[in-house]
Amino acid sequence: MSRALAPLVLLLTLGFAASPLLSDGFAGFTPTQFPVVQSRWPVQPVGWAFSIWGVIYLGLLASAVYGLLRARGEIAWQEMRLPLALSLAVGAFWIPVANLQPVAATVMIIFMAAGAIAATLRAPRGLFALGAVGLYAGWLTAATGVAMAVVLSGFGVLSAQVSALLLLVAMIALALAVLWCRPDALGYAFGVGWALMGVIVANLDTQNTPVIALAGTGIAGLLALVVLRRGA
């Protein structure tokens, strides 16, 4: 059974990577998807930040192929495969759901991120394992915070600004906790940092100082933790 996880991960990765090609793609939620229409969400990264998905898909594909051909029976790889497979299985259907039902998509991405983080914490060192899976988990950590903030403001629970600040704090805290456990997960740190940089750029035109400062503090915190923990 355990050896069957390697080909399963490859199949799920192929399905996950093909999902943008079989749908209209996804570059963030749109205001018209919600009853409370916002002109913009301070928490949502600038559009070009979503291009990281190309790197994530390639990394996951390379990881799955390498894992099948070179590390199919390795115990360290086996430990990360089940949570990764669960994350990918949900992720294969995420884009079409996100384009139709933001609330359902937010619930799905929470499970996707949980599986990806669990896989990251179990992943062996190396570009094809911790590097690829960590990058995926890092972006999903940020994307989960974004999705939750958008839904909260889109349904009028909180204002767009308040939801952005609260969920950025929560997302940064989670990222720091993951990096405390895996300071060698540089791909994870980059994924979260890339999203935070996208948030900063998206808020420059409106000079949203609180959001820019919080996102910048998050990037600084990630860098400091990686340096300090890896040097310990």
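Please specify each residue of the stretch 201-221 satisfying the condition of being open to solvent by less than 30 Å² (accessible area, probe 1.4 Å), within 12 Å of ALA164 (Cβ to Cβ) and of a type outside the set (A, V, I, L, M).
ASN203, ASN208
Whether any residue in the stretch 55-76 is β-branched (Val, Ile, Thr) and under 25 Å from THR106 (Cβ atoms) is what I want to check.
Checked against the condition, which is being β-branched (Val, Ile, Thr) and under 25 Å from THR106 (Cβ atoms), the stretch 55-76 yields at least one hit.
When you check GLU79 against the structure, is it among the charged types (D, E, K, R), modelled with pLDDT under 95 and either under 17 Å from ALA137 (Cα atoms) or touching a Ser or Thr at 6+ places or on another chain (Cβ under 8 Å) (or both), yes or no?
It is true that GLU79 is among the charged types (D, E, K, R), modelled with pLDDT under 95 and either under 17 Å from ALA137 (Cα atoms) or touching a Ser or Thr at 6+ places or on another chain (Cβ under 8 Å) (or both).
Would you tally the residues in the stretch 156-195 being more than 18 Å from the chain's Cα centre (by Cα) and acidic (Asp, Glu)?
Number satisfying all stated conditions: 0.
When the residues of the stretch 98-107 are narrowed to those that are touching a helix residue (DSSP H, G or I) at 6+ places or on another chain (Cβ under 7 Å) and open to solvent by 40 Å² or more (accessible area, probe 1.4 Å), which ends up farthest from THR32 (Cα to Cα)?
Ranking the candidates gives ALA104 first.
Which of the residues that make up the stretch 147-156 are open to solvent by 10 Å² or more (accessible area, probe 1.4 Å) and touching a helix residue (DSSP H, G or I) at 6+ places or on another chain (Cβ under 7 Å)?
MET148, VAL151, LEU152
Out of ALA64, ALA113, I need the residue that is under 19 Å from ALA147 (Cα atoms) and crowded, with 21+ Cβ neighbours inside 10 Å. Which one?
From the options ALA64, ALA113, the qualifying one is ALA113.
Tell me yes or no: at least one residue of the stretch 79-90 is touching a helix residue (DSSP H, G or I) at 6+ places or on another chain (Cβ under 6 Å) and more than 16 Å from LEU12 (Cα to Cα).
Just the residues of the stretch 79-90 that are touching a helix residue (DSSP H, G or I) at 6+ places or on another chain (Cβ under 6 Å), to begin with: 79-81, 83-90.
This time we only want the ones that are more than 16 Å from LEU12 (Cα to Cα), so: 79.
Within the stretch 79-90, one or more residues are touching a helix residue (DSSP H, G or I) at 6+ places or on another chain (Cβ under 6 Å) and more than 16 Å from LEU12 (Cα to Cα).
Could you list, in sequence order, all residues of the stretch 34-49 that are farther than 17 Å from SER163 by Cα and in contact with a helix residue (DSSP H, G or I) (Cβ under 8 Å, 6 or more places away or on another chain)?
Selection gives VAL46, TRP48, ALA49.
Checking GLY198 against (1) within 16 Å of the chain's Cα centre (by Cα); (2) open to solvent by 10 Å² or more (accessible area, probe 1.4 Å); (3) not charged (D, E, K, R), which single condition isn't satisfied?
Exception for GLY198: condition (2).
Hey, LEU204 hits all of (1) outside any helix (DSSP H, G or I); (2) more than 23 Å from VAL103 (Cα to Cα); (3) touching a residue at least 24 places away in the same chain (Cβ under 8 Å) but one; which does it fall short on?
Tallying (1) outside any helix (DSSP H, G or I); (2) more than 23 Å from VAL103 (Cα to Cα); (3) touching a residue at least 24 places away in the same chain (Cβ under 8 Å), LEU204 fails exactly one: (3).
If I ask for residues that are in contact with a Lys or Arg (Cβ under 8 Å, 6 or more places away or on another chain) and either open to solvent by 20 Å² or more (accessible area, probe 1.4 Å) or not in a helix (DSSP H, G or I) (or both), which ones from the stretch 184-195 would you list?
The answer is ASP184, and nothing else.
Exactly one condition in (1) open to solvent by less than 40 Å² (accessible area, probe 1.4 Å); (2) under 24 Å from ASP184 (Cβ atoms) is not met by ARG72; state its number.
(1)
Among the residues of the stretch 59-81, which ones are under 29 Å from GLY216 (Cβ atoms) and without any contact (Cβ under 8 Å) to a residue 40 or more places away in the chain?
Passing the criteria: none in range.
May I ask you to list the residues in the stretch 99-138 that are part of a helix (DSSP H, G or I) and over 26 Å from ARG72 (Cα atoms)?
PRO102, VAL103, ALA104, ALA105, THR106, VAL107, MET108, ILE109, ILE110
The values are calculated or read from the model by the stated rules, or taken from the named source; none is laboratory data. Computed from a predicted structure; not experimentally measured. Ideal geometry is used to build each Cβ from the backbone, glycine not excepted, and the neighbour counts take in all protein chains shown. Side chains included, ligands, DNA and RNA excluded: accessible areas come from the protein's heavy atoms. Shrake-Rupley method; radii C 1.70, N 1.55, O 1.52, S 1.80 Å.
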